[in-house]
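*Asks:* Structure below; questions to follow.
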Amino acid sequence: MIDFHVHFGNCFRNMYPQRPPLTPEQVIDRMNRQGVEISVLLPLESPEVMPGYFLTEQAIEARDHYPERFIAFMGIDPRQRNLEEQFDTFVNIWGCKGFGELLNGLPFNDERNRAIYAKCDEYGFPLVFDMCSGCLTDEVGLPGLEACLRDFPNCIFCGHGPLFWTAISGDDDRTGGYPDGLITPGGAIDSLMEEYDNLYLDLSAGSGYNAMTRDPEFAQGFIKRHWARMLFATDYFIVGQELPQFEWFAHLDITDEMRQAIGDGNARRILRLDDQ
Ligand SMILES: [Zn+2]
């Protein structure tokens, strides 16, 4: 299996010692216990959401220690200088394979974020983004995301976060959170998945888990429609964190082909692991 969404480092400077830094060794240990072969390490380098940083350099260093187990993405705050040069250096010198996790207080369709999408488009890279409260903001129906899906067709946008996943339901009013009601058909995610093949679904965290479990009957149909672009992922970043995705995925009533794709093959394809 491939876990497409993992962080480590001192993400909670404010909560020491209740939430001590997570180490790469703890991540490897958890992967070994839960049957994960490869984890994608997503740096966190924007100040609005996290009270600490997980730097791209840390992800690269861990990947170099465990090259069979970790893939390093890059994180760059789009308000920093020399974005394009940083991006090219992380790809060509340091071997980063994608961008994310993108989470900052700018609108999703802001020019500064679009500069990142343009670089991902140039390299054909996956980009993991998090729409949460006050972060990568968009309107009902996700028109900002849609404009970017259209303008950057070679960027593989991997959607994540409460304000992404509540758009699974036609009644999404951008309140976000973790609603427990039944899903209203006609949500923005379904229509964007139908129209744009560069949109993928990151199943991690409470947001992905809630979207897949709040209305099991709807989820069955949703998975049948979109399994070829779903990515198993946890968002592991806290010592001792509960990861209900494993249990959910193990008991999901789907074909072997779908299970293989969601758990491994889709990630392998967009990371181009078999081309190397
Ligand atoms: Zn995350």
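The values are calculated or read from the model by the stated rules, or taken from the named source; none is laboratory data. Note that the structure is a prediction, hence the values are computed from the model and not measured. Don't worry about glycine lacking a Cβ; one is built from the backbone with ideal geometry, like all the others, and counts go over all protein chains shown.
*Asks:* Mind listing just one residue for me: the one in segment 107-122 that is assigned to a helix (DSSP H, G or I) and within 17 Å of residue 200 (Cα to Cα) and, of those, farthest from the ligand (Cβ to nearest atom)?
*Replies:* Going through segment 107-122, the residues assigned to a helix (DSSP H, G or I) turn out to be 111-122.
With within 17 Å of residue 200 (Cα to Cα) added as a condition, the list becomes 117, 120-121.
Numbers: 117: 19, 120: 17, 121: 22 Å.
Residue satisfying both the conditions and the ranking: 121.
*Asks:* How many residues, within segment 175-205, are assigned to a loop (DSSP other than H, G, I, E, B) and either under 15 Å from the mean Cα position of the chain (by Cα) or not polar (S, T, N, Q) (or both)? Step through it out loud before you land on a result.
*Replies:* Step one: list which residues in segment 175-205 are assigned to a loop (DSSP other than H, G, I, E, B), which gives 175-187, 196-198, 203-204.
Narrowing further to those that are either under 15 Å from the mean Cα position of the chain (by Cα) or not polar (S, T, N, Q) (or both): 176-183, 185-187, 196-198, 203-204.
Final tally of qualifying residues: 16.
*Asks:* Going through 223, 238, 262 one at a time, which residue ends up being aliphatic (A, V, I, L, M), within 16 Å of the ligand (Cβ to nearest atom) and under 18 Å from the mean Cα position of the chain (by Cα)?
*Replies:* The conditions single out 238.
*Asks:* Going by the structure shown, is residue 175 surrounded by fewer than 17 Cβ atoms within 10 Å (Cβ to Cβ), of a type in the set (Val, Ile, Thr) and either over 17 Å from residue 109 (Cα atoms) or within 15 Å of the ligand (Cβ to nearest atom) (or both)?
*Replies:* Working: surrounded by fewer than 17 Cβ atoms within 10 Å (Cβ to Cβ): yes; of a type in the set (Val, Ile, Thr): yes; either over 17 Å from residue 109 (Cα atoms) or within 15 Å of the ligand (Cβ to nearest atom) (or both): yes.
So residue 175 passes the test.
*Asks:* Being under 28 Å from residue 247 (Cα atoms), aliphatic (A, V, I, L, M) and either assigned to a strand (DSSP E or B) or more than 21 Å from the chain's Cα centre (by Cα) (or both), is that true of even one residue in segment 47-70?
*Replies:* Within segment 47-70, none of the residues are under 28 Å from residue 247 (Cα atoms), aliphatic (A, V, I, L, M) and either assigned to a strand (DSSP E or B) or more than 21 Å from the chain's Cα centre (by Cα) (or both).
*Asks:* Here is a follow-up. Please indicate, with yes or no, whether at least one residue in segment 18-27 is within 15 Å of the ligand (Cβ to nearest atom), assigned to a loop (DSSP other than H, G, I, E, B) and not hydrophobic (A, V, I, L, M, F, W, C).
*Replies:* From segment 18-27, those within 15 Å of the ligand (Cβ to nearest atom) are 19, 22, 27; that's our starting set.
Then drop every residue that is not assigned to a loop (DSSP other than H, G, I, E, B), which leaves 19.
If we keep only those that are not hydrophobic (A, V, I, L, M, F, W, C) too, we end up with 19.
The answer is yes, given that some residue of segment 18-27 is within 15 Å of the ligand (Cβ to nearest atom), assigned to a loop (DSSP other than H, G, I, E, B) and not hydrophobic (A, V, I, L, M, F, W, C).
*Asks:* Restricting attention to segment 212-219, does a residue exist that is in contact with a Leu (Cβ under 7 Å, 6 or more places away or on another chain), within 16 Å of the ligand (Cβ to nearest atom) and not basic (Lys, Arg)?
*Replies:* Taking every residue of segment 212-219 in turn, none turns out to be in contact with a Leu (Cβ under 7 Å, 6 or more places away or on another chain), within 16 Å of the ligand (Cβ to nearest atom) and not basic (Lys, Arg).
*Asks:* Of everything in segment 71-90, what is part of a helix (DSSP H, G or I) and among the charged types (D, E, K, R)? Give them in sequence order. Before you say what the answer is, go through the steps one by one.
*Replies:* Of all residues in segment 71-90, those part of a helix (DSSP H, G or I) come to 83-90.
Selection gives 84, 85, 88.
*Asks:* Hey, among the residues in segment 123-148 that are crowded, with 19+ Cβ neighbours inside 10 Å and of a type in the set (A, V, I, L, M), which one's nearest to the ligand (Cβ to nearest atom)?
*Replies:* For segment 123-148, the residue satisfying everything is 128.
Here is a yes/no grid of residues against (1) of a type in the set (Phe, Trp, Tyr); (2) modelled with pLDDT of 95 or more; (3) surrounded by 18 or more Cβ atoms within 10 Å (Cβ to Cβ); (4) farther than 25 Å from residue 250 by Cβ:
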| position | (1), (2), (3), (4) |
| --- | --- |
| 15 | no, no, no, yes |
| 18 | no, no, no, yes |
| 24 | no, yes, yes, yes |
| 27 | no, yes, yes, no |
| 31 | no, yes, yes, no |
| 35 | no, yes, no, no |
| 46 | no, no, yes, yes |
